[in-house]
1. Any chance you could check the Cα centroid distance between the range 353-391 and the range 114-158 for me, in angstrom?
2. Across the chain, where is the longest run that never hits GluC sites (Glu not before Pro) in a DSSP loop with at most 14 other C-beta atoms within 10 Å?
3. About its Cα centre, what dipole magnitude does the range 239-399 give when the only charges are +1 on Lys and Arg Cβ and -1 on Asp and Glu Cβ, stated in debye to the nearest 20?
4. Let me see the pair-distance distribution of the range 6-223: every alpha carbon pair, 5 Å bin width, integer percents in order.
5. Give me the dipole magnitude in Debye, nearest 20, for the range 6-223 about the Cα centre, with unit charges on the beta carbon: positive for Lys and Arg, negative for Asp and Glu.
6. Where a Cα-Cα gap under 25 Å defines reach, which lysines qualify for Lys205, not counting those fewer than 8 residues away within the same chain?
7. Give, rounded to the nearest 20 debye, the magnitude of the charge dipole that the chain has about its Cα centre when Lys and Arg contribute +1 at Cβ and Asp and Glu contribute -1 at Cβ.
8. Using Cα positions and a limit of under 17 Å, work out the lysines in reach of Lys119, with same-chain residues fewer than 8 apart set aside.
Amino acid sequence: MNASKDVAILLTPVLPLPDRSGRALRAWDWLLELSRSHQVHVLVTEGFDAQDIGPNYPAAGVWPMSDGMFHPNRLLRLVGLLFPPNGLFFRGLVVDWWYPQSHAPVRALAAKLGHESVKRIVVFRFYLHDVGRAVASPFPDARLELDMDDLESATRLSVARCLARMGRPKEALRSLLAAVQYALLERFIVKGYAAVWLAAKEDAKRLSDSGIPNLGARPNRLACPRHSLDQGVGQAATARFLFVGSLDYPPNQEAVLYLLNEIQPILEQCLARPWTFRVVGRRAPKDLVRRIEASDRVEFFPDADHVADHYAHADVVLVPLLAGGGTKLKTIEAFAHRRAVVSSREGVRGLAVESGVHYLHAQTASEFAQAIAQLLHDSALADRVSRAGQAYYSQHHRLA
């Protein structure tokens with residue numbers, strides 16, 4: 001590290017890594033940007049494996065911050081959900097919020113870095129706001145920025161609807177009440193930042209009337225895949241479809257069930273060519289695992305460290321999301337690997353793409369089946385769509 005550089009702090013819930021989940025990828029993007037002009041110290045609030053920090057990791061230091069954090073018990077969470085405005089006064093009542101119980105780790109960090117050296121602090125994720133304020137307090141001259149990623153209230157409302165559709169009313173109610181908590185907080189506590197970032201322009205527009213200065217969209221970006229996939233839709237005897245997503249997230253669970261319960265029966269009727277689904281995703285609940293493994297059409301990969309081989313295997317990537325928030329890294333990732341994509345409206349949220357040009361749009365199960373069949377039968381269309389998707393990725397979402 002260049003000792004002459006100013007110091008920046010990146011506060012993040014997860015260790016920034018280039019080949020992991022969406023939060024880790026977005027944090028990695030921030031780390032690379034900050035490291036170009038600063039010595040970066042990364043503060044991580046969740047546990048992480050120190051072995052993931054290789055010798056060329058672009059940070060001057062990585063600091064665990066889980067100690068000294070307050071996590072409300074079930075009774076406090078219930079009080080916060082039943083009376084959402086109380087979260088404005090004591091954020092320890094807010095679901096999933098990180099609240100500093102002790103400032104000792106922050107004071108120790110400030111002593112190591114020096115009060116005058118830190119010039120920029122980026123707080124990645126809204127629920128780290130209070131931790132970020134504690135981190136920033138010893139550094140009054142530092143530029144303080146907040147990356148919300150998605151609009152938490154809108155995402156939780158969408159997830160509540162998803163849970164209700166899946167017949168999980170208690171979880172849906174909790175997500176709905178949490179959406180109210182976050183909607184209040186979004187309006188009242190983010191105005192003190194020098195800049196506030198969201199992944200999707202739609203989310204930035206929703207907050208544009210709240211008086212937040214320097215509110216902008218920062219798109220999700222991915223590094224170029226290590227191995228370019230030049231082949232289009234394959235001519236193998238068996239057509240191969242792919243879905244990728246963390247399966248502890250309800251919208252991804254709903255998408256897989258939609259594939260199995262709604263789309264698969266129609267494909268059984270309309271596709272003469274043999275075909276299989278490949279589902280790649282970690283942390284699936286047991287009932288979803290049983291449902292996946294009950295289908296002889298599905299190949300399930302619950303522990304894939306890298307997805308490049310799965311994209312290389314796929315003819316068509318399916319994104320049948322009906323809920324969520326922000327922009328979908330799974331869609332950007334499919335574009336990056338030059339795969340033909342069939343997606344719902346939610347799957348391309350926040351992306352300036354056009355159906356029939358960059359992907360094929362489908363909302364109902366029959367539309368998904370029709371779009372899949374169209375790509376399989378028209379290799380020229382599949383090639384045009386996949387190339388346009390890859391070009392869009394390279395222009396708007398490629399991480400240099």
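Where a number appears in this text, it was derived from the coordinates with a stated rule and is not lab data. What you are looking at is a predicted structure, and each value in this text was computed from that prediction instead of being measured. Reconstructed Cβ throughout: ideal geometry from the backbone, glycine too, with neighbour counts over all protein chains shown.
1. The range 353-391 and the range 114-158 have Cα centres separated by 39 Å.
2. Excluding the exposed sites themselves, the longest stretch runs over 117-353.
3. That gives a dipole near 300 debye.
4. All Cα pairs considered, the percentages come to 1, 7, 14, 18, 20, 18, 13, 6, 3, 1, 0.
5. Charge dipole of the range 6-223: 620 debye, to the nearest 20.
6. Qualifying lysines at Cα under 25 Å: Lys191, Lys328, Lys330.
7. Dipole about the Cα centre, nearest 20: 620 debye.
8. Lys5
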